[in-house]
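Worksheet for the structure shown next.
Quick note: the coordinates plus some simple rules give every number you see, no bench work behind them. On a predicted model such as this, the values are computed, not experimentally measured, just so you know. Cβ placement follows ideal geometry from the backbone for every residue including glycine, while neighbour counts extend to all protein chains displayed.
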Amino acid sequence: MTPTATARRRRRGIAGAGAVVRRRLLVAVPVLIATSIGMFLLGAASPIDPAKQYAGAAAFTATEENLDQIRANWGVDDPLPVQYVRWVGNLLRGDLGWSTSRHEPVTAVLGARAGWTLLLVSAALALVLVTSLVLGTLAAYRRGGLFDRGLRAAAYAVEAMPVFWLGLAAIAVFALTLGWLPAGGLTGVTATTTTAADVAWHLILPVGVLAISQAPWFVLFVRDSVAESLRDDHVLAARARGLPGRTVLFGHAMRTALLPFLTLIGTHLPELVGGAVLVETVFSLPGLGAVTVQAALGSDFPLLAAITLVTTAVVLTANLLTDLAYAAADPRVRLDG
Amino acid sequence: MAELTLRRSRMPRPAITVATAVLVSAAAAGLLAPVLWPLDQSAVDLAQTRLAPSWAHPAGTDDLGRDVAHRTVYGLRVSLLVGAVAALVATIIGGIVGGIAGTLGGPVDRILMRIVDTVAALPHLLLGIFIVAMLRPGLGAVVLSVGLTHWLSTARIVRSELLSLRTRPFIDAAISGGAGRLRVLTRHLLPHVLPKLALATTLMVPHAVWHETALSFLGLGLPPHLASLGNMINDGQGSLLTGAWWPSLMPGLVIVIVTLALATVVARWRDRLDPRVRAELQL
């Protein structure tokens, strides 16, 4: 192939990536708008009076004039479309509002907490991806064998276990009975500073539990997908050429199966986020999960809405990235198609 | 929630029998508990707190001296009832959306299906928490929370079913015979959709139970005094740290066993179903 042809194709690939981004945005923006409208309407239909909520215990002694003053300041009696536009305008300018349950700006809460949740979710996701690829591929290699059957039985069993139950069971076994790992928190009780080693030590159980609870779906998918690609022509050809089994399995069969796997990670992310909320609660981690529950108990609309919208935006971005990765990994996919 | 996909696995016969027996006895225990084994919800025996499982108390006692096995049966009852009602609400919402999309078609169908895709992209536990928070925790909020987050698969099933039925000759025959839109819908389309709707509702129940359990576990679900499986797991957390694992792990074990049994039976059914519905019935 001449160098110019390669260059031309690469240019087309980059232009195609732009088209994918555009098309995804065309979907993502309406999704975010629809979500925000839905949440706003639910918030507006809520029986909770924001003025009384803001005043807290003082609401019992506050005069009706004072409460009316708060309502007027906040414009909670304005027509709904006016309120919605004001809210979204503030969001777009980076003002996520005031958290009524934590009495601090929503951005401050997100800034302090989101990192830990992101760390938990990404560590668990990485662990799930690596283990499910290895275990699923090995199971597919000897379909119907002892390892395959054992792995599948385990996957079905784990899939029936709620993640918080799994977390409590892990605490009972590894923290309380065996005493190997800490039962919760991010640092030791006596610690005065946050060290990476201490945090990692405390994250072993939560990350492990979240990964295990999400793994079955991925393991079964990889297994079926590799099993199918083991029958593909190019895999048979590689075998016929006498390449060693390991090379064929991981170099040829698994690589083919990797592609559909990539896009499915994106669709499974909402699942992982829900799991993270529950795992953080079980292990008392200072991530977004605990704040979400606290905000829900206090009917804290600004904080809950911000968490839900930010998470949705992250999920949509991740979907876009997996699409791009898919196109980059598979030369057969034409982005501009 | 986890999607239990027991795909085309050759399930041995005894597994199906055992699973069916588990499901039947769980449903029977849940429904008949007040008759067979009455429970005083407020009975507390502080002389018998946190006893380990034994013959007298097969699942031990909790930190108020209440029998865990006994309360678990009631928890199963409450969770199943709430799950069934919530699944019904989800089916009604999904049935209406899918019904409108499938009968009207065209731009209405496209817009409605776009909404379905939108909701599917949201983390549904967060959305469920949001709904409960805005309505204040309680029975009604839990039911609505499940209903508003779990109607998607039903809407898709109903829509695709209606779209394929619309092209069938007997519908053309009915229309050329002078049947109005309403008559075609109620007399010809609905009877075909209803059995699938019933199946979808049944399969929705464990999803609804999981959602309710997760909310109750977070303290955002049913009122705390009510013995639901999620509340019991939540209550038991304190005892767990003192070494008594049974108050929280035993009720959870019931969820695990019932879910597994249901997945086994569903795997059997799914192989006999039409592939379009099969794709949507992921437990």
Using Cα pairs closer than 8 Å and at least 6 residues apart in sequence, work out the relative contact order for the range A:270-326, in percent. 21 percent
On Cα atoms only, tilt of A:254-282 relative to the major axis of chain A in degrees: 30 degrees
Normalising by the residue count of the range B:133-240, find the relative contact order in percent from Cα pairs under 8 Å and 6+ residues apart. 34 percent
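Residue by residue through B:114-120, how many Cβ atoms from other chains fall within 10 Å of the Cβ on average?
4
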For A:SER99, other-chain or 5+-apart residues with amide H closer than 5 Å (H placed, Pro excluded) are A:GLU104, A:VAL106
Give the average, rounded to an integer, of partner chain Cβ atoms located within 10 angstrom of each Cβ in A:147-155. 1
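At 222 nm, what value in deg cm²/dmol follows for chain A if DSSP H runs of at least 4 each add -39500 (n - 2.57) and the sum is divided by all its residues, to the nearest 500?
-24500 deg cm²/dmol
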Simple spin-label estimate for B:LEU185/A:ASP233, 7 Å along Cα→Cβ, in nm, reads 5.1 nm
Under the Karplus relation with 6.51, -1.76 and 1.60 and θ = phi - 60°, whole-Hz ³J(HN,Hα) for the range B:14-21, x at Gly and Pro, equal x, 4, 5, 4, 4, 4, 4, 4
Order of B:MET113, B:MET232, A:MET161 from fewest to most other C-beta atoms within 10 Å? B:MET113, A:MET161, B:MET232
Rg over Rh of the range A:173-316, using C-alpha atoms and the Kirkwood radius, what does it come to? 1.13
Tell me, what is the percent relative contact order of chain A, built from C-alpha pairs under 8 Å that lie six or more residues apart? 26 percent
Expected sort for B:THR201, B:THR17, A:THR193 with the fewest Cβ neighbours (10 Å cutoff) up front is A:THR193, B:THR17, B:THR201
In whole Hz, the Karplus estimates of ³J(HN,Hα) for the range B:108-122 (6.51, -1.76, 1.60; θ = phi - 60°; x where Gly or Pro) are 4, 4, 4, 5, 4, 5, 5, 5, 4, 4, 4, 5, 5, 7, 8
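Just rank B:HIS211, A:HIS252, B:HIS188, fewest to most, by other beta-carbon atoms within 10 angstrom. Before the final figure, lay out the partial values.
Working: B:HIS211 28, A:HIS252 20, B:HIS188 17.
Starting with the residue having the fewest Cβ neighbours, the order is B:HIS188, A:HIS252, B:HIS211.
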Using the Kirkwood formula over every pair of different C-alpha atoms, what hydrodynamic radius in Å results for the range B:66-166? 14.9 Å
State which stretch of chain A is the longest one without any exposed trypsin sites (Lys or Arg not before Pro), exposure meaning a DSSP loop state and at most 15 other Cβ atoms within 10 Å. A:1-92
Hey, any idea what Rg/Rh is for chain A, computing Rh the Kirkwood way over Cα pairs? 1.06
Per-residue HN-Hα couplings for the range A:88-97 [Karplus 6.51, -1.76, 1.60; θ = phi - 60°; Hz; x = Gly/Pro]: 5, x, 4, 4, 5, 7, x, 9, 8, x
